[in-house]
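Notes follow the structure.
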Amino acid sequence: MILKILMLGDVVRGNGIRYLASGGRLRSFVRENGVSLTVANGENSADGNGMTPSSFGELIDAGCDVVTGGNHTFRHRDVYSLLDDDPRALRPANVYGGAPGTGYLVADAGGASVLVVNLIGQVFMDPSNSPFEALEKILRREEGNYDAAVVDFHAEATSEKLALARKFDGRVAAVAGTHTHVMTADCTVLPGGTGYITDLGMTGSQSGVLGVKTECVIRKFTEGIPVKFEGSDGGERASGAIFGIDTGTGLCVSAQPVIF
């Protein structure tokens, strides 16, 4: 059986969520494309950034099955109990010990079991444990409990993302990068059968700078003083990729970037 998994890039602020929900847009896309599991990065889904119980709930209501995190996951303290209580809300598995929540779950996808793992990079990011070691431990711990594994790797450096995908090529079905908000042109299936894209892009307004009003960002760069970022509006779109996975082998047979 070929299982289709949709992975969406960082959903930015309320207008990104509303775009997915409006008129059942995400649910219609999932239905029309035969998608069995939708994984969305929600670490910027709250207005301002971070994630809140409200923004998480709205993403679930819009049609997301699993919501992953990143470097802004812990910005709002009211999300801590959510991370502990709802397995669909993930934070990076390799953050330092003591953080609330967990970094992976085994999700049902049309009768198949999919291990969804969330990791964060170490290069140009806040300190964390090794994503390579964390993924190795998770795969060993969950061996035999899933039909396929996919990874949201929230990282800055292209080399780190590709290195992790190469390291685990043939052992996971897909490694999809998030964080930079710009979709890369390298969506592919690696030689060992792992689907890969360096960055899925972002879901939200395309009219500003990475979801923020242009004038706010220009002022920060040109004046060098703290600036309150305000979300941009207009030109909303969703950005991500669909990975076709053979549940018999647990490997990827197709990788397609999508914008809708």
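Values in this text are rule-based calculations from the coordinates and carry no lab data. Predicted, not measured: the structure shown is a model, and the values here were computed from it.
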Which value at 222 nm does the chain reach when only helices count, each DSSP H run of 4 or more adding -39,500 (n - 2.57), with the total divided by all residues and rounded to the nearest 500 deg cm²/dmol? -7000 deg cm²/dmol
If you look for lysine pairs in the chain that are eight or more places apart or on different chains, how many of them have Cα atoms under 30 Å apart? 9
For region 108-212, percent of DSSP beta bridges that are antiparallel (nearest 5) comes out at 25
Which percent, to the nearest 5, of DSSP beta bridges fully inside the chain are antiparallel? 50
In Å, what is the Rg of the alpha-carbon atoms in region 1-57, and how long is Dmax? 12.2, 41
Rg and Dmax [Cα atoms of region 54-122; Å; Rg one decimal, Dmax integer]: 12.0, 35
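Give me the Kirkwood hydrodynamic radius of region 135-260 in Å, from all C-alpha pairs, to one decimal place?
On the way: mean 1/r = 0.0624 Å⁻¹.
By the Kirkwood definition, the hydrodynamic radius is 16.0 Å.
Quick check on region 1-95: what are the equivalent-ellipsoid semi-axes from the Cα gyration tensor, as sqrt(5λ), descending, whole Å?
22, 15, 10
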May I ask for the Kirkwood hydrodynamic radius of region 107-158, worked out over all distinct Cα pairs and given in angstroms to one decimal? 12.1
When only C-alpha pairs under 8 Å and at least 6 residues apart count, what is the relative contact order of the chain, in percent? 20
Give the share of C-alpha pairs in each 5 angstrom bin for region 84-207, from 0 to the last occupied bin, in whole percents, shortest bins first. 2, 11, 21, 24, 21, 14, 6, 1, 0, 0
